[in-house]
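Working notes for the structure below.
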Amino acid sequence: MRYISTRGQAPALNFEEVVLTGLATDGGLYVPETYPQFSAAEIAAMAGLPYTEVAYRVMRPFVGDSLTDDEFRGMIEGAYSSFSHAAVAPIKQLDSNHFLLELFHGPTLAFKDVALQLLGRLLDHFLAKRGERGVIMGATSGDTGSAAIEGCKPCEQVDIYILHPHQRVSEVQRRQMTSVLAPNVHNIAVEGDFDACQAMVKASFADQSFLKGQRLIAVNSINWARIMAQIVYYFTSAVAVGAPHREVAFSVPSANFGDVFAGYVAHKMGLPIKQLIVATNANDILHRTLAQNDFSKKQLLPTLAPSMDIVVSSNFERLIFDLYDQQGEQVAALLERFQQQATTLDANAYAKAKALFSSLAVDDATILKVIAEAYQKTGELLDPHTATGYLATQTCAQDPATPVITLATAHPAKFAEAIVKAGFAEGAPLPLHMQDLLEREERYAVLPADLAEIQAYIADKQAQKTA
Ligand SMILES: *Cc1c(COP(=O)(O)O)cnc(C)c1O
């Protein structure tokens, strides 16, 4: 399997190289040159198999000869043994044809665990093979940081540094990061906001000289392995509700477009997906683009669904590349225009997107109403991100005979503020195995929002390791 850049100017890479590489050198994102195809018989044969077996079958073609069968199987088993539900991603029926896919049974209670548990193991393996150490650096306003930390905790070749804005993440989110006491995990509380954290991480990637030759690795959602791991649950859940004999639809709470792009890939691989519904919060670039062909940036709005607070959806470029028939130069030109001013997709590309995608933007007041109403109707307490997907299903589903699967991307206990505001004064309880979270020992450094100081801190820690 070869991977090519969405902007057409960077060298093609194999799977191992693509896992270790962030952005392509031309500024694009890596995608497979072609998508593997699954026949109806192959999809039907997935019925009743364990999650890990479907995961192996769906992902194997993307890995090529970068791993042996046994190596890859071992990583998959390790990654998903950290989930607290035997089905890994169980589905619940909400209504005659509406299902909830619970993606929050991983160690940090959000769907990002599905990908990051595997990515940590892939990185560790490839670095060990090369005799290298890697340094992961990331900024987080919540979910990504803790999922990355949990994913990298067992890694021997990787040190991870996560910057979060001091006193500006929820207590549950902070403790999920800072109570991981593994020697390769480093939490830095920055005396500044999320943008300051993000800017320092960006600057560190642009000039890595402070690391004296160690490799800096990005684990944000542009890493292809994250998309790949997310394709799996589209297959398992679709098969559980009747695919390939029936068509299915999905509703996906979306921000960077990584999760729903995985659904698009599943569709390209032969899974009979009739409709992909994209739900956003008030940060609605995806909705404006899909509903009105208004591809433009808007100022960031902090919302009750903070893991979906974005200005630009980085993975949307992967869809554009496909809609533009893999014409990298046209993609590069469109994205350059987009950086300068409001723009539109060309008519042919837009028509193709409209044939599969629908969308809805949901503001904070509506999120609260939906949480309360969904509980009344179904007895399920939805987290604020999932609530956007739930409403989008009710609003956008085209065909009452087609089952719709709404992705539940986080556990409600992670977002107590919204749950209380929705009228549940006691919040949502943490799952049993996490009930001591608020008593666990924490470890983190508090540092000023100063690039030189942060880099000196990291360089010093790394020098101690290699000494
Ligand atoms: C990251 C996240 C999303 C958005 O996923 P994308 O892949 O960025 O579209 C939605 N819900 C939750 C809870 C998240 O953590």
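Residue 220 falls short on exactly one of the conditions (1) of a type outside the set (A, V, I, L, M, F, W, C); (2) more than 16 Å from the ligand (Cβ to nearest atom); (3) surrounded by fewer than 23 Cβ atoms within 10 Å (Cβ to Cβ), and that condition is (2).
Every condition in (1) farther than 21 Å from residue 288 by Cα; (2) not in a helix (DSSP H, G or I) is met by residue 373 except one, and the failing one is (2). In segment 130-138 there is at least one residue that is within 21 Å of residue 19 (Cβ to Cβ), open to solvent by 20 Å² or more (accessible area, probe 1.4 Å), free of Cβ contacts under 8 Å to residues at least 24 places away in the same chain and not hydroxyl-bearing (Ser, Thr, Tyr).
Somewhere in segment 307-325, is a residue of a type in the set (S, T, N, Q), at pLDDT 95 or above, open to solvent by less than 30 Å² (accessible area, probe 1.4 Å) and under 19 Å from the mean Cα position of the chain (by Cα)?
So the first thing to find is which residues in segment 307-325 are of a type in the set (S, T, N, Q), and the list is 307, 313-315.
The next check asks that each one be at pLDDT 95 or above; those that pass are 315.
Within this subset, residues satisfying the condition of being open to solvent by less than 30 Å² (accessible area, probe 1.4 Å) are 315.
From the residues that got through so far, the ones that are under 19 Å from the mean Cα position of the chain (by Cα) too are 315.
Among the residues of segment 307-325, at least one is of a type in the set (S, T, N, Q), at pLDDT 95 or above, open to solvent by less than 30 Å² (accessible area, probe 1.4 Å) and under 19 Å from the mean Cα position of the chain (by Cα), which makes the answer yes.
All of (1) within 30 Å of residue 429 (Cβ to Cβ); (2) within 16 Å of the ligand (Cβ to nearest atom) hold for residue 358 with one exception: (1). Can we say residue 278 is at pLDDT below 95 and either assigned to a helix (DSSP H, G or I) or hydrophobic (A, V, I, L, M, F, W, C) (or both)? When the stated conditions are applied, residue 278 does not pass them. A search for C-beta distances below 6 Å between a residue of segment 409-428 that is more than 11 Å from residue 304 (Cβ to Cβ) and any residue that is open to solvent by less than 30 Å² (accessible area, probe 1.4 Å) and among the polar types (S, T, N, Q), counting only pairs 6+ apart in sequence or on different chains, returns 409/386.
Restricting attention to segment 112-148, the residues that are within 20 Å of the chain's Cα centre (by Cα) and more than 22 Å from residue 453 (Cα to Cα) add up to 19. Can you work out which of the residues in segment 139-150 that are in a helix (DSSP H, G or I) and within 11 Å of the ligand (Cβ to nearest atom) is most open to solvent (accessible area, probe 1.4 Å)? Among residues in segment 139-150 that are in a helix (DSSP H, G or I) and within 11 Å of the ligand (Cβ to nearest atom), the one most open to solvent (accessible area, probe 1.4 Å) is 144. In segment 165-186, which residue that is in contact with a Lys or Arg (Cβ under 7 Å, 6 or more places away or on another chain) and closer than 24 Å to residue 463 by Cβ is surrounded by the fewest Cβ atoms within 10 Å (Cβ to Cβ)? Among those residues, the one meeting the criterion is 181.
Has segment 440-458 got at least one residue that is open to solvent by less than 30 Å² (accessible area, probe 1.4 Å), free of Cβ contacts under 8 Å to residues at least 60 places away in the same chain and under 26 Å from residue 255 (Cβ atoms)? Checked segment 440-458: no residue is open to solvent by less than 30 Å² (accessible area, probe 1.4 Å), free of Cβ contacts under 8 Å to residues at least 60 places away in the same chain and under 26 Å from residue 255 (Cβ atoms). Selection within segment 422-439: residues that are open to solvent by 80 Å² or more (accessible area, probe 1.4 Å) and over 18 Å from residue 374 (Cβ atoms). The member of this set that is modelled with the highest pLDDT is 439. Among the residues of segment 406-422, those identified as near the ligand (Cβ under 9 Å from one of its atoms) and in a helix (DSSP H, G or I) are 414, 415. Residues in segment 326-349 that are open to solvent by less than 40 Å² (accessible area, probe 1.4 Å) and not β-branched (Val, Ile, Thr): 328, 332, 334, 335, 338, 345, 349.
The values are calculated or read from the model by the stated rules, or taken from the named source; none is laboratory data. Here the structure is a predicted model, which is why all the values come from computation and not from measurement. As a convention, Cβ positions derive from the backbone with ideal geometry for all residues, glycine included, and neighbour counts pool all protein chains shown. Note: accessible area is taken over every heavy atom of the protein model, side chains too, but ligands, DNA and RNA are not part of it. Shrake-Rupley method; radii C 1.70, N 1.55, O 1.52, S 1.80 Å.
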